[in-house]
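The values are calculated or read from the model by the stated rules, or taken from the named source; none is laboratory data. If you're wondering where the values come from, they're calculated on a predicted model, not measured in any experiment. Note that each Cβ is placed from the backbone with ideal geometry, even for glycine, and that neighbours are counted across all protein chains shown. Ligands, DNA and RNA are excluded from the accessible area calculation, which covers all protein heavy atoms including side chains. Shrake-Rupley method; radii C 1.70, N 1.55, O 1.52, S 1.80 Å.
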Amino acid sequence: VTEEGGVNALIFKKSLMDLEAGTVIYTGDEVEVIRGFPKIRRTLLLSPTLMEHFRDSVAVEEKMNGYNVRITRLSSGDTVALTRGGHVCPFTTRKALELMDLDGFFSDHADLVVCGEMVGRDNPYVSQDYPEVGPLGFRVFDLREKNTNRPLPIKEKRDLLESYGLPPVCLFGIYPVEDAAEEVADIIRTLGKEGREGVVMKDPSMDLPPLKYTSSQAHARELAYAFSYPFDFGRPFFFSRVIREGFQAYELDESDEETLERAHRLGEAIIYPMLERIKAIADGEAAYEDTVIDVDDMETAEDFIRHLVHLGVSATLADYRDGKATVRRFYQATTDRINNYLEGGLY
Ligand code: ATP
Ligand code: MG
């Protein structure tokens, strides 16, 4: 039990029976349940999996790489933005309201939760530049009912978003299930070349659970990131990305040359970031990561740091100048263990 957005609330850190992790039960004047965003299963192969999993057609949406946000209007009248675990994030709430005019939508549809991804370079959780988005942006991928978590079908969702001027994720198309594997293969190759993450495939009626599939370049980028803080990521993080590459090479590579390119990308993503980190630690640096975010004042920046620390992240405010806050996140295990090996410790 905590206080979230000024209202008493129960947060589910783990899933319990039908309730997803990240579910929040508000116990203010009215009891309201904001369900957690369901986990999306991944497919390693497009064929035959798409044919097995979907019915007659498949909607293919872009998977944006940022962080998951649920925006809801509470019975108190406040609009709040929740991150994955169910906590109200002060930064996200303010930015979401700056980026979108949600008043019209929530006046008519207070029973719906807007689920989307906060994306862009100036992003304190997952920073990736999207040229069409600007420094920070929001893209809506689902509209879901409070209490039941039922998602609206693809067409209803897109029509509703359009009529309220809210920004949807890109829909590449709705394909007959027989053609889907080939269509997605082409889309993934193009997205990969542009450094974009991948796709989420959905049943147009949203009766079946969606599936995700990602580009080789996205795998390499995540590996490079994780290998620059190798002891702060769990082993499954590394292993699962290598496995994805094995199956993608099997299914998508059209020539030996393509496989060689993939092998290079994968190898470079592993070795260079790790080498850079070992050198830096040998030079006496600590492993940390800085992100710059836009804030109104120093107090908002400190508020955000407190939010991160509350979530268990080791972070400090490294700098604040004219509305730009530098958030510094420490990777202590990486610093300590590399130092230990450099001083002669055994693995
Ligand atoms: P989880 O599946 O629990 O979120 P994860 O961090 O591994 O864990 P991802 O691999 O990023 O998640 O994939 C699922 C996430 O992708 C969703 O939670 C959502 O935030 C994001 N996402 C981006 N674009 C879409 C989209 N078009 N439809 C659905 N989800 C999307
Ligand atoms: Mg993601």
Checking Val199 against (1) touching a Leu at 6+ places or on another chain (Cβ under 9 Å); (2) more than 16 Å from ligand 2 (Cβ to nearest atom); (3) under 30 Å from Lys95 (Cα atoms), which test does it fail? (2)
Flagged in the stretch 136-160 as among the β-branched types (Val, Ile, Thr), in contact (Cβ under 8 Å) with a residue 40 or more places away in the chain and either closer than 30 Å to Ala301 by Cβ or assigned to a loop (DSSP other than H, G, I, E, B) (or both), in numbering order, are Thr148
Looking at (1) more than 16 Å from ligand 2 (Cβ to nearest atom); (2) of a type in the set (A, V, I, L, M); (3) part of a loop (DSSP other than H, G, I, E, B), which is the one condition that is false for Val133? (1)
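Enumerate the strands (runs of 3 or more DSSP E) found wholly within the stretch 1-105, keeping only those where 1 or more residues are among the aliphatic types (A, V, I, L, M) and surrounded by 17 or more Cβ atoms within 10 Å (Cβ to Cβ).
7-11, 24-27, 31-34, 57-63, 67-73, 79-83
Given the criteria modelled with pLDDT of 95 or more and out of contact with any strand residue (DSSP E or B) (no Cβ under 8 Å at 6 or more places or on another chain), does Arg55 qualify?
Considered against the rule, which asks whether it is modelled with pLDDT of 95 or more and out of contact with any strand residue (DSSP E or B) (no Cβ under 8 Å at 6 or more places or on another chain), Arg55 comes out as yes.
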Which condition number does Ala286 fail, the rest of (1) open to solvent by less than 70 Å² (accessible area, probe 1.4 Å); (2) not in a loop (DSSP other than H, G, I, E, B) being met? (2)
Residues that are surrounded by fewer than 19 Cβ atoms within 10 Å (Cβ to Cβ), more than 12 Å from ligand 1 (Cβ to nearest atom) and more than 17 Å from Asn65 (Cα to Cα), drawn from the stretch 184-217: Ala185, Asp186, Pro204, Ser205, Asp207, Leu208
Scan the stretch 314-326 residue by residue and report those that are surrounded by 14 or more Cβ atoms within 10 Å (Cβ to Cβ) and out of contact with any helix residue (DSSP H, G or I) (no Cβ under 7 Å at 6 or more places or on another chain). Ala318, Thr326
Kindly list, by first and then second residue, each pair from a residue in the stretch 94-120 that is within 11 Å of Val69 (Cβ to Cβ) to a residue that is acidic (Asp, Glu), limited to pairs with Cβ atoms under 7 Å and residues at least 6 apart or on different chains. Cys115/Asp142
Condition set under 20 Å from the mean Cα position of the chain (by Cα) and among the aliphatic types (A, V, I, L, M), scope the stretch 225-252, selection most open to solvent (accessible area, probe 1.4 Å): answer is Val242
Show the residue pairs that are 6+ apart or on different chains and have beta-carbon atoms under 6 Å apart, the first residue being within the stretch 319-347 and of a type in the set (D, E, K, R), the second being open to solvent by less than 50 Å² (accessible area, probe 1.4 Å). Asp319/Thr326; Arg328/Ala318; Arg329/Glu289; Arg329/Ala315
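Filter the stretch 32-78 for residues that are of a type in the set (Val, Ile, Thr) and within 16 Å of ligand 1 (Cβ to nearest atom); which is farthest from the chain's Cα centre (by Cα)?
Val58
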Among the residues of the stretch 137-161, write down those that are within 20 Å of Lys39 (Cβ to Cβ), among the aliphatic types (A, V, I, L, M) and touching a helix residue (DSSP H, G or I) at 6+ places or on another chain (Cβ under 9 Å). Val140, Leu143, Leu152
With the requirement that a residue be part of a loop (DSSP other than H, G, I, E, B) and within 16 Å of ligand 1 (Cβ to nearest atom), what does the stretch 113-128 give you? Asn123, Pro124, Tyr125, Val126, Ser127
Cβ-Cβ under 7 Å, sequence separation 6+ or interchain: first residue in the stretch 293-304 and without any contact (Cβ under 8 Å) to a residue 40 or more places away in the chain, partner surrounded by 14 or more Cβ atoms within 10 Å (Cβ to Cβ) and not basic (Lys, Arg). Which pairs? Met298/Tyr320; Ala301/Val295; Ala301/Leu317; Ala301/Tyr320; Ala301/Ala325; Glu302/Leu317
Need the failing condition index for Leu260 against (1) in contact (Cβ under 8 Å) with a residue 12 or more places away in the chain; (2) under 28 Å from Ala218 (Cβ atoms); (3) of a type in the set (A, V, I, L, M, F, W, C), just the number. (1)
